[in-house]
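The values are calculated or read from the model by the stated rules, or taken from the named source; none is laboratory data. Please read all numbers here as calculations on a predicted model, not as lab measurements. Using ideal geometry, Cβ is built from the backbone for each residue, glycine included, and neighbour counts are taken over all protein chains shown.
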């Protein structure tokens, strides 16, 4: 997996819409897991053609739910 130019520990540096690869890096998980979270509607996503973009707010809400 390619290292991306975001600070995974500082959400203020994240773009408003993240790629699946960026979410994988932040959550330290596989692409399949991220796609499963999208399919299970635990993560919101926008579909642009064949790609998904995950809103930063959706990812932050998911992380907060999982922490509690």
The listed residue being in contact with a strand residue (DSSP E or B) (Cβ under 6 Å, 6 or more places away or on another chain) and surrounded by 12 or more Cβ atoms within 10 Å (Cβ to Cβ), out of 43, 59
43
Reported set for region 17-38 where residues are out of contact with any helix residue (DSSP H, G or I) (no Cβ under 8 Å at 6 or more places or on another chain) and under 10 Å from residue 59 (Cβ atoms) is 22
Within region 39-56, work out how many residues are out of contact with any helix residue (DSSP H, G or I) (no Cβ under 8 Å at 6 or more places or on another chain) and without any contact (Cβ under 8 Å) to a residue 24 or more places away in the chain.
7
Residues of region 29-40 being surrounded by fewer than 17 Cβ atoms within 10 Å (Cβ to Cβ) and either assigned to a helix (DSSP H, G or I) or at pLDDT below 95 (or both), which ones?
31, 32, 33, 35, 36, 39
